[in-house]
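Single-structure report; data block below.
The values are calculated or read from the model by the stated rules, or taken from the named source; none is laboratory data. Predicted model only: the values in this text are computed from it and were never measured. Glycine gets a Cβ as well: all are built from the backbone with ideal geometry, and neighbour counts include every protein chain shown.
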Ligand code: ATP
């Protein structure tokens, strides 16, 4: 499933040069983006970067200051929210407290004037889809938080929108329930074939559920790609740092026989890096390396990049440990080890002198 790679695929949503200003503040800045049918698309970025504004534009609660937005090829810039095949599910769920689960789900269908049988069939289908068959008669205060979340989802899918917008849909759930519900959400999205656009603060959640992730900063798209590409091939230190742990080392790029190396510290070997870039000789550049790609050893290993340092901090997470290894110039490189039983190495401790190593292909060269 990769319609974004298919030149013949028609996008469901097309943003073209969309800008949104509030007074002289630009919340969305010249944004161009396609989202495809059946996608589970995640918007990720720090608070205030414009995620909610993008959703509100899609829903029709805001009109762009500039640019066009199309849904199934139709310009929807002037189409009011209730006339768009778009629904939005809010973090608060906004369920009617005095109505039963069944009535909450039926609400939009009744307002549309659908006949009784059709409504009954559709609500039953939605209850089945969200595993709420037994709870139809209950009021929202008589069910759990996770069940309320599913009622909100059932209600927003009842009218079969082409596009469902989910603003922090799992924000109110505790971590464990959140993880379970992510898989449920993916399952429901796949079964209904509805395009989902989700806003989340939680990068792991975005990586888990999304077909593609858009990383935003100050109203702009920094990178739009599948989760593995965003994680393994970030286009900037901003994206590398936003998703997961990373060590970023600044230096000067040098061309070598098979790519680039990075000069980064006096008396240290240049780092061999992977690069898809065309970087000028001697230009300022950065290398991003994930801690799980860095191995830690007592004895000197063989590898592309081998450095000597001292353990100054240890984070024990049960299944794995994170080590902060200080280099002679004071820079810190993070290494992560899985604490498997098969691992016969002695665990490392504070002040241990260690070797760390990683292969050239794991270090990504970046220009900014
Ligand atoms: P959060 O994750 O905190 O919800 P966000 O990425 O969703 O943040 P938005 O709510 O889209 O951010 O806001 C983007 C920027 O636009 C913010 O700086 C916000 O203050 C500003 N903004 C949003 N709505 C308005 C408005 N109606 N009037 C003025 N400024 C606004």
Going through segment 193-207 in order, the residues found to be outside any loop (DSSP other than H, G, I, E, B) and buried (at least 17 other Cβ atoms within 10 Å of the Cβ) are 195, 196, 197, 198, 199, 200, 203, 205, 206, 207
Note: among 68, 32, 53, just one is within 12 Å of the ligand (Cβ to nearest atom) and assigned by TED's automatic domain parsing to the domain that holds residue 210, namely 53
Among (1) more than 18 Å from the chain's Cα centre (by Cα); (2) without any contact (Cβ under 8 Å) to a residue 40 or more places away in the chain; (3) buried (at least 21 other Cβ atoms within 10 Å of the Cβ), which single condition is residue 145 missing? (3)
All but one of (1) more than 24 Å from the chain's Cα centre (by Cα); (2) at pLDDT 95 or above; (3) not in a strand (DSSP E or B) hold for residue 267; which doesn't? (2)
Report, by residue number, each residue of segment 227-257 that is without any contact (Cβ under 8 Å) to a residue 40 or more places away in the chain and assigned to a loop (DSSP other than H, G, I, E, B). 257
Quick one: in segment 269-296, which of the residues that are surrounded by fewer than 16 Cβ atoms within 10 Å (Cβ to Cβ) and in contact with a strand residue (DSSP E or B) (Cβ under 8 Å, 6 or more places away or on another chain) is nearest to residue 339 (Cα to Cα)? 269
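Any residue in segment 10-22 that is closer than 19 Å to residue 207 by Cα and more than 8 Å from the ligand (Cβ to nearest atom)? Walk me through how you get there before you give the answer.
Step one: filter segment 10-22 for residues closer than 19 Å to residue 207 by Cα, giving none.
The answer is no; no qualifying residue exists.
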Kindly indicate whether any position in segment 102-111 is within 25 Å of residue 206 (Cβ to Cβ) and in the same structural domain as residue 165 (by TED's automatic domain parsing). no
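One line per residue, one yes/no per condition, for (1) more than 16 Å from the ligand (Cβ to nearest atom); (2) at pLDDT 95 or above; (3) not assigned by TED's automatic domain parsing to the domain that holds residue 56:
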| residue | (1), (2), (3) |
| --- | --- |
| 149 | yes, no, no |
| 212 | yes, yes, no |
| 220 | no, yes, no |
| 227 | yes, yes, no |
